[in-house]
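Take a look at the structure below.
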Amino acid sequence: MEGESRWSGVTDPHPFDIVIRGGTVVDATGERRADVAVSGGSVVAVEPSIDAPAGAQVLDADGCWVAPGLVDIHAHLRQPGGEESESVETGARAAALGGYTAVVAMPNTDPPIDSPSIVAEVLALGSKAICRVDVAGTATVGRRGERLAPMAEMARLGVRMFTDDGAAVADSGVLRRALEYARGLGVTIAEHCEDPALVEGGHMNEGAWSSRLGIPGRPAAAEEILVARDIELARLTGGRLHLLHLSTSRSIALLAAARREGLAVTGEVTPHHLSLTDESLAGFDAAFKVFPPLRTADDVAALRAACVDGIVDAIATDHAPHSAEAKDAPIEQAPPGMIGLETAFPVALEALSAEGLAPARLIALMSWRPARIAGISTEIGGDQGGPVAPGSPANLCVLDATANWVVEPAKLASRSRNTPFAGCTLTGRARHTIFRGEPVVVDGEAMR
Amino acid sequence: MTGGPVAGTRVGAPGAETTGADARGTAFVEVDAPGTASAEAGAPGAASAKASPETSVEAGAPGAASAKASPETSAEAPLLETGWRYGRHLLSISDLGAEGIMELLHLADHFAEVGRRPIPKVPALRGRTIVTLFFESSTRTRLSFETAARRLSADVLTFTAATSSVGKGESLRDTAQTLHAMGVDAMVVRHSNAGVPWQVSRWIDASIVNAGDGWHEHPTQVLSDCFTIRELIAQRDGRQAEDLGPEVFKGLRVAIVGDVLHSRVARSEVLALNALGADVTLVSPPTMLPSSLEGWEVSVSHDLDDVMPNIDVFYLLRLQTERGAGRDVPSLHEYTEKFGLTARRAESLSGHAVVMHPGPLNRGVEIASEVADSTRSLVLRQVANGVSVRMAVLFALLGGRRH
């Protein structure tokens, strides 16, 4: 039965017997050379050497890290309404291939996820997917920034994060009430910090490059102003605030100050903001257009340092699929965003290994710390983030930090191709991914 | 008609042998009209078997590497290499540098002479197809390019699209590829968004000329401006423009006045003038300057009266009234008061100072009518020189061997 899928159905998963052999376990307790055995959806043994019983599937992890599955708290899966660029199914497959066992689907869909019925629809789609799909709800009805969305009703279905991502909640009074209300529910408000008036008409970072290229800019101050405002409102209300895709050094400084003060504020950065700068747009390729925009080398350095210092809590992809036709447009017309689930690990690894970051620290940023923010961590009764120990839910990834591969957009599992790393050789790849005890990715291939 | 080639200084690819040059130093050899029998060199009016009586036989081909062709015949010479070393496109002024700019100006000298003939036409690009792909309306620039193309005997296709249709109907890429499939050698592209000519150059295999992309660049406008400045200074010094090299620009004090932030002409102008060693001052309210001037060698002033006495060339930018008033400046009136070249200000200009403008003019806003119509104004010369310069650009890119 080795290598044969024994998956029989969604609602009644058949237990697998898997031995992950030859790897280095990396989790919140550290690193150690160990084999890992999985049965019935759980890790059952972590020992220096485990013999595979007859009928068990052996996954080779030689030279690899065996870690809790990665968790992406910021991915656009485009359902409902945007199925031509991605679906929950294809996005989840892309995630699993990237080593992710959980993603949080962003609510700026069409219609937006601002009611329990749409939450239920997306959760149903996610129940068949090869990774865990959680849903973020909007903070305001229709993402219009005027009335609070029915957070309690959505929370009853398991929603833990609410955001108008794609835009900030511009009205400070509305955001204040959203944070207060969220506090009562124990949920998190996440904000896309860019002051709309300052970024209006802008398509790339405002700076030397935008001036040279004649492309209207989005100043860093637009992000910092809202980061500062949102932190003040978090202080005022005691609500839990998560800052999405921070991109400037000053934003990091503001976050650091908020953390020192003990405010309930967390922050994430994307792999692309850890590795690319605004100079990338010199060739006028809209693959590099994203909001908030790619910034300067100084900002990239500050974001990397913040990951190393632990000021930033999570690396999140902001996976944003767009059709090739949409991205072929002039910079000023193309939609912003890049896919990133399948390239996140190698890009983050390269960006941070120069800083000498230990594997456990990198995996912390990509697995258990985001799991905590999303409310799905094993620490609070969820099934994500580890540790890799007997009794833990078997949501694992086997990561080869030395595998070289060329990014061929047409071969990615995402329905879309808009990656800024097209044609690049990346180092680092998920070799296997195990989701709830099922090997959904084996040797870099999705099993379904 | 000029006589046969006269030995002289070669302009063009270094190392190429001199085959002949006219008295003004422009090397040229007889260029056979493509697909026809060879023409006799140096025989004015001698047409190749197929050439129509309307076209002149001669065409300038500086940098021609035809060491073999003697001055007396073009033999079976096909179109010869122009020796153009600056790429197959003209997208940015920075593709050219000072040398490239001067080469184009020298080429343009020759085509300016062609423009003065009774039949201002040469067969140099006969059989080539040039498309003007204008997504932003600009009749003047488009006509200038089309005139240039026709004077070179190229076939011209015109594609204009209202800006709003881009992205809603056929995609930009499909439009470019469809046109290219009809068989074009060059596309002249204008678009209200920056970077479109670069994108088009990636999608199709043809020479691309940037006719203006958003706020970014407008290289041919600026080349025409440089040509005009050189012509003016030559006239003033009683010399031939063709004899003047880049030193004509060195230390020339140019003020670029107005909405620099939104001006592709300003961006290209700064790049060109920096490359040529001119002294550039930007005069604008801070709201009309780019957020960063990194890489530009410029001085900045927010007061036109302050800088006026020390300026040789006033380059006035059009105020984008649709956008500017109330937003970047409180009102047109205030703009004119502070930055307009009013009649009052014009009175205090030094004797030799001149005024340029890329057009179209906002009379009474950035420039007073009297100033626009005065002898200081080079505006009409800028327009006239545009055709010669565009002929030079098209010839430089396409005048070589057919692929």
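The values are calculated or read from the model by the stated rules, or taken from the named source; none is laboratory data. Keep in mind it's a predicted model, so treat the numbers as computed, not measured. In this analysis, Cβ positions are derived from the backbone assuming ideal geometry, glycine residues included, and neighbour counts consider all displayed protein chains. Heavy atoms of the whole protein, side chains included, go into the accessibility calculation; ligands, DNA and RNA do not. Shrake-Rupley method; radii C 1.70, N 1.55, O 1.52, S 1.80 Å.
From the list A:Glu153, A:Glu180, A:Glu146, A:Glu194, the lone residue that is touching a helix residue (DSSP H, G or I) at 6+ places or on another chain (Cβ under 7 Å), on the phi < 0 side of the Ramachandran plot, assigned to a loop (DSSP other than H, G, I, E, B) and open to solvent by 30 Å² or more (accessible area, probe 1.4 Å) is A:Glu146. Checking each residue in segment A:416-443 for being assigned to a loop (DSSP other than H, G, I, E, B), among the charged types (D, E, K, R) and closer than 23 Å to A:Ser87 by Cβ picks out A:Arg417, A:Arg436.
The single condition from (1) open to solvent by less than 10 Å² (accessible area, probe 1.4 Å); (2) more than 14 Å from every other protein chain (Cβ to nearest Cβ) that A:Ala222 fails is (2). Taking A:Gly239 and the conditions (1) crowded, with 19+ Cβ neighbours inside 10 Å; (2) farther than 24 Å from A:Glu206 by Cα; (3) within 13 Å of another protein chain (Cβ to nearest Cβ); (4) not acidic (Asp, Glu), which numbered condition does it fall short on, given that it satisfies the others? Failing condition for A:Gly239: (3).
Applying the condition of being part of a helix (DSSP H, G or I) and open to solvent by less than 10 Å² (accessible area, probe 1.4 Å) to segment A:163-177 and asking which residue is farthest from A:Val269 (Cα to Cα) yields A:Val174.
One residue stands out in segment B:328-358 among those that are in a loop (DSSP other than H, G, I, E, B) and without any contact (Cβ under 8 Å) to a residue 12 or more places away in the chain: the one that is surrounded by the most Cβ atoms within 10 Å (Cβ to Cβ), namely B:Pro330.
The residues on offer are B:Pro286, B:Pro219, B:Pro197, and the sole one that is open to solvent by less than 30 Å² (accessible area, probe 1.4 Å), within 14 Å of chain A (Cβ to nearest Cβ), more than 19 Å from B:Met102 (Cα to Cα) and modelled with pLDDT of 95 or more is B:Pro197.
Could you tell me whether any residue of segment B:320-335 is touching an Asp or Glu at 6+ places or on another chain (Cβ under 9 Å), charged (D, E, K, R) and away from every other protein chain (no Cβ under 13 Å)? Looking for residues that are touching an Asp or Glu at 6+ places or on another chain (Cβ under 9 Å), charged (D, E, K, R) and away from every other protein chain (no Cβ under 13 Å), one finds none in segment B:320-335, hence no. Of the residues making up segment A:290-329, those that are surrounded by fewer than 24 Cβ atoms within 10 Å (Cβ to Cβ), within 14 Å of another protein chain (Cβ to nearest Cβ) and under 18 Å from A:Trp209 (Cα atoms) are A:Thr296, A:Ala297, A:Asp298. Is it the case that A:Arg160 is open to solvent by 60 Å² or more (accessible area, probe 1.4 Å), closer than 26 Å to A:Met338 by Cβ and under 16 Å from the mean Cα position of the chain (by Cα)? For A:Arg160, the condition - open to solvent by 60 Å² or more (accessible area, probe 1.4 Å), closer than 26 Å to A:Met338 by Cβ and under 16 Å from the mean Cα position of the chain (by Cα) - is met. Inspection of segment B:316-327 identifies at least one residue that is within 27 Å of B:Gly245 (Cα to Cα), touching a strand residue (DSSP E or B) at 6+ places or on another chain (Cβ under 7 Å) and open to solvent by less than 50 Å² (accessible area, probe 1.4 Å). On the basis of being without any contact (Cβ under 8 Å) to a residue 12 or more places away in the chain and either within 14 Å of another protein chain (Cβ to nearest Cβ) or buried (at least 19 other Cβ atoms within 10 Å of the Cβ) (or both), does A:Glu268 make the cut? No; evaluated as a whole, the condition is false for this residue.
Return a yes/no flag: does segment A:390-411 have any residue that is part of a loop (DSSP other than H, G, I, E, B) and in contact with a helix residue (DSSP H, G or I) (Cβ under 7 Å, 6 or more places away or on another chain). Within segment A:390-411 (the criterion being part of a loop (DSSP other than H, G, I, E, B) and in contact with a helix residue (DSSP H, G or I) (Cβ under 7 Å, 6 or more places away or on another chain)), the answer is yes, since at least one residue qualifies.
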